[in-house]
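Inspection log for the structure reproduced underneath, given as C-alpha cells.
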Amino acid sequence: MSEPLLLVERREAVGLIRLNRPRVLNALNTTLVRELADVMEEMDRDDEIRVIVLTGNEKAFAAGADIQEMAETTPVQFVVKQFFADWERIRRIAKPIIASVSGYALGGGNELAMCCDMIVASETARFGQPEINLGVIPGAGGTQRLTKAVGKMKAMELILTGRMMSAQEAFELGLVNRVVPQDKLEEETMALAGEIASKPPIAVRLGKQAVLKALDLTLEHGLHFEQNAFFMLFSSEDQREGMKAFVEKRKPEFKGK
Ligand code: DAK
C-alpha cells in the first residue's frame, strides 16, 4: 500500500495536518492538494477543532507544485482537472490556519504557506518563488499575496530573480510571524495555536474574515464589514460571558455560542 499523502491528527482543539511526500520534498500534486482541501473542510466543520496547523518535515514544508506532473499539462487540462478549484477551497476555510515551516517553502509551497493565516518558521526555513527559473510565474496567488505581504519592490525582486530568502529575511519583511530554533518549531507552533484555540471561536472566525477583507476591499467597505461583524458578536453568548467575566474579575469560559 502506498503512503498516505497527508498525516492527520488531533491535539486537543488543534487539527494538525502534515504533508507527507518526503521523497520529493513534499511536492504538491493534484491529489495531495485535493485531499488537503478535503481534510481542511472536514476540520472546518468539526466543532471540536478551533485552529488548524499545516506542516511538513524538517527538510521541506513543500518545494512547490509537482513539476513532473505539471510539466506536460496543457491549459485545457488545468481547467478539466480543476487545478485552481482546490486552492480556492483552501482559501475559503473559516478557521485560522497556521503554517509551521521548516526547510523549503518554494513556489506552490510558499503560496500554500501564504494561504495560511500565520507562519511560524524554523531558523532553517527558506522561502521563495522560483517559478521564473522554469519559464513561468507563480500561479497560486504568489504575485498577489507576496506583494501584499512584503510590498512591491521586494516581491518584484523575489519573483523576477527566483532567489530564496532565509527565515530571518522573511521575518524582517513581515512574511513570517516568528522564527524559532528548529527543535522548538512544533512546540512554539502548538503554543500559538493553543492560545488562539482558547479564544472565543466566533470572534476568532470573524476576526480572520475581517483581516482578510482588508486585503481586498477599500477602507470604506472594510470598515463597513468590520462594524457589521462587531455588531453581530453582540448576539453571541461568548460576548456576554467575556464582558461579564471581566467585570467579575474572573477567567471567561467561552463556548463558541
Ligand atoms: N516537484 C517534483 N519533484 C521535486 C520538486 C518539485 N517541485 N522539488 C524537489 N523534487 C524532487 C527532486 O526531483 C528529487 O527527486 P529525485 O531526483 O530524488 O527522484 C527530490 O525531490 C529531492 O530533490 P533534490 O535532489 O533536488 O534536493 P536538493 O536538496 O538538491 O534541492 C531544491 C532542493 C528545493 C533546491 C530543489 O529540489 C528544487 O529546486 N526544487 C524545485 C523547486 C521549484 O522550482 N519549485 C517551484 C515549482 S513550480 C497553481 C498551483 C501551484 C503552482 C502553480 C499553479 N494553480 C492553482 C494553477 C505552483 C507552481 C510551482 O510550485
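Students often get this wrong, so check it: of 148/255; 59/154; 95/244; 154/208; 184/208, which have C-alpha atoms separated by over 28 Å? Don't skip to the end; give the middle numbers.
Values: 148/255 34 Å; 59/154 25 Å; 95/244 26 Å; 154/208 25 Å; 184/208 26 Å.
From 148/255; 59/154; 95/244; 154/208; 184/208, over 28 Å: 148/255.
Given +1 at the Cβ of Lys and Arg, -1 at the Cβ of Asp and Glu and no other charges, the dipole of the stretch 10-165 around its Cα centre is 380 debye to the nearest 20. Rounded if a/c is under 1.5, else prolate if a/b beats b/c, else oblate: with a ≥ b ≥ c from the C-alpha gyration tensor eigenvalues square-rooted, which is the stretch 170-213? Because a/c hits 1.5 or more and a/b fails to exceed b/c, the stretch 170-213 counts as oblate. Think of the chain as a dipole: +1 on every Lys or Arg Cβ, -1 on every Asp or Glu Cβ, centred on the Cα centre; then among 161, 112, 231, 231 lies furthest on the positive end. A simple count of charges around residue 46, restricted to other residues whose Cβ falls under 14 Å of its Cβ and scoring Lys, Arg +1 and Asp, Glu -1, yields -2. Here the stretch 57-133 and the stretch 1-55 have alpha carbon centers that stand 13 Å from each other. Coupling constants for the stretch 33-45 follow from the phi torsions by the Karplus curve (6.51 cos²θ - 1.76 cosθ + 1.60, θ = phi - 60°), and in residue order they are 5, 5, 5, 4, 4, 4, 5, 5, 5, 4, 5, 5, 8 Hz; glycine and proline get x.
Here the gap between residue 132 and residue 253, fully extended at 0.36 nm per residue and compared with their Cα-Cα distance, gives a gain of 38.5 nm. Extents of the chain, largest first, come to 62, 47, 39 Å (Cα atoms, principal axes, whole angstrom).
Taken one residue at a time, the phi angles of the stretch 242-257 give Karplus couplings (6.51, -1.76, 1.60, θ = phi - 60°) of x, 6, 5, 4, 4, 5, 7, 6, 9, 7, x, 10, 8, 10, x, 10 Hz. Gly and Pro are set to x.
Which whole-number percent is the relative contact order of the stretch 78-147 (Cα, under 8 Å, 6+ apart)?
On the way: 80 pairs, mean separation 22.1, N = 70.
Value for the stretch 78-147: 32 percent.
Using C-alpha pairs under 8 Å with a sequence gap of at least 6, the mean separation divided by the residue count of the stretch 160-243 gives a relative contact order of 16 percent. Taking every Cα-Cα distance in the stretch 113-161 and sorting them into 5 Å bins starting at zero, the pair-distance distribution P(r) comes out as 4, 20, 28, 26, 17, 4, 0 percent.
Fewest first, what order do 19, 223, 28 take by the number of other Cβ atoms within 10 Å?
The most exposed by this proxy come first: 223, 19, 28.
Residues considered: 27, 140, 149. Largest GNM mean-square fluctuation over the chain, using C-alpha springs under 10 Å, is found at 149. Overall, the stretch 128-257 carries a charge dipole of about 360 debye about its Cα centre when +1 sits on the Cβ of Lys and Arg and -1 on the Cβ of Asp and Glu, all other atoms neutral.
Of all lysines in the structure, the ones whose alpha carbon falls short of 26 Å from that of residue 249, not counting any fewer than 8 places away in one chain, are 199, 257. Volume per residue for the stretch 1-114 equals 109 cubic angstrom (convex hull of Cα atoms).
Readers should treat all values here as calculations from the given coordinates under stated rules, not as data from a laboratory. Here the structure is a predicted model, which means the values were calculated and not measured. Here the Cβ is made from the backbone with ideal geometry for all residues, glycine too, and neighbour counts use every protein chain on show.
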